[in-house]
Amino acid sequence: MDKNQLSKKTVIITGGGGIIGSEFSKKLALLGANVIIVEKEISIASKILKKIIKLKPDASVKALKCNLLSEIEIKDMIKKVLKFYGSIDAVVNNAATKTSNLKNFFKKFEDYKLSTWKEVMSVNIDSFFLVSKYAGQYMAKNKNGGSIINISSIYGIVAPDSKIYEGSKYNNMEINTPAVYSVSKAAVLGLTKYLAKYWGDKNIRVNSISPGGVESGQNKVFVNKYSEKVPLGRMAKATDMSNALIFLISDSSKYITGQNLVVDGGFTI
């Protein structure tokens with residue numbers, strides 16, 4: 001693949017300062033794309049921006065604050081991007097939340113609060129709908145179309161194995177994968193297929209990436225149990241997802257739409 005294909009392409013990345021999002025932001029900026037890191041807290045986006053500038057002083061990267069639960073702020077964010085660069089070539093819907101109350105997020109299904117459920121769904125799927133809606137309006141008018149990549153999860157495809165979570169912790173907290181996470185990520189796959197058909201005649205390609213478990217602070221018990229179920233024998237690294245994203249943004253995938261690219265080391269087979 002000619003990686004110069006990404007040069008000067010304008011790419012919006014929601015949650016661009018997160019574990020996977022920061023790798024997306026860095027890799028695309030180093031390849032010459034105009035990268036917009038979108039975060040709820042500007043400090044998170046600015047931190048990644050500074051790291052990128054250290055690696056590539058002439059990188060074209062901007063940090064934008066946007067509450068993805070606000071339709072008004074999303075509309076304003078899209079306007080700012082068009083003002084900065086005059087175009088939007090790709091959108092990476094990557095933002096996701098565990099909410100600010102991890103104890104509530106990891107509660108058992110029988111004890112799950114509706115307020116927590118709604119908050120997670122708002123970020124994990126509602127924001128994808130809104131960002132796609134307003135970015136897609138621009139892309140539909142642009143003869144070059146565009147590419148929308150939605151970040152799902154293997155747990156949008158298969159159910160979590162509860163045995164992996166016995167004795168498992170994340171940053172010293174007992175963890176699981178709640179139903180709301182699986183449901184929201186399955187919804188991402190449905191939205192991806194719908195929009196791929198809906199905007200196909202506008203040359204807008206819509207695909208998704210489903211990452212496997214990414215090593216990012218889990219204890220040894222979890223890492224070992226998870227890795228045993230992976231044919232390639234390890235958890236994913238955030239960097240493992242970047243090349244899949246580059247492929248789906250680039251013209252190398254110009255005849256691919258409505259697809260879900262699973263990057264999981266073989267976990268789901």
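The values are calculated or read from the model by the stated rules, or taken from the named source; none is laboratory data. Since this is a predicted model, take the numbers as computed values, not measurements. In this analysis, Cβ positions are derived from the backbone assuming ideal geometry, glycine residues included, and neighbour counts consider all displayed protein chains. Each accessible area value is taken on the protein alone, full model and side chains, heavy atoms only, with ligands, DNA and RNA left out. Shrake-Rupley method; radii C 1.70, N 1.55, O 1.52, S 1.80 Å.
Some notes on this structure:
- Here region 31-64 is scanned for amide nitrogen atoms under 17 Å from the site 7 Å beyond the Cα of N4 along Cα-to-Cβ, giving 31-34.
- Sequence of I74, I269 from largest to smallest accessible area, 1.4 Å probe: I269, I74
- Charge dipole (region 40-130, unit charges on Cβ, about Cα centre) - positive-most of I125, V92, S43: S43
- The length gained by stretching the chain between N243 and N171 to full extension, at 0.36 nm per residue less their Cα-Cα distance, is 23.1 nm.
- Accessible area per residue (1.4 Å probe, heavy atoms of protein chains only) ranks T99, T192, T239, T268 as T239, T268, T99, T192, with the largest value leading.
- Between the C-alpha center of region 219-269 and that of region 140-214 there is a gap of 12 Å.
- When all alpha carbon pairs of region 178-230 are counted in 10 Å bins from zero, the resulting P(r) reads 20, 32, 28, 16, 5 %.
- Note on the chain: GNM, Cα springs under 10 Å; of S25, S252, S242, the largest mean-square fluctuation is that of S252.
- Per residue value of the accessible surface for the chain (all protein chains in place, 1.4 Å probe), Å²: 50
- Exposed GluC sites (Glu not before Pro) absent - longest run of the chain, DSSP non-H/G/I/E/B, at most 13 other C-beta within 10 Å: 42-165
- Spin-label pair L69/S162, simplified geometry with 7 Å Cα→Cβ offset, distance in nm: 3.0
- Relative contact order, whole percent, for region 3-98 stands at 33, derived from Cα pairs under 8 Å and 6 or more residues apart.
- Region 124-269: C-alpha gyration tensor shape, a/c 1.5 cut-off, then a/b vs b/c: prolate
- Taking the accessible area of the chain, probe 1.4 Å, and keeping the other protein chains in place, the carbon and sulfur fraction comes to 53%.
- Region 147-269: Lys pairs at Cα distance under 30 angstrom, eight or more positions apart or on different chains: 29
- For the chain, the 222 nm mean residue ellipticity estimated from helices alone, with every DSSP H stretch of n ≥ 4 adding -39500 (n - 2.57) and the total spread over all residues, rounds to -11500 deg cm²/dmol.
- Label zone at S87, where the point sits 7 Å out along the Cα-to-Cβ direction: region 27-48 residues whose backbone N lies under 16 Å: 32-36
- Counted as membrane-span-like here are DSSP H helices of the chain whose alpha-carbon atoms extend 27 Å or more along the helix's own axis and whose Kyte-Doolittle mean is -1.0 or above; these are 179-198.
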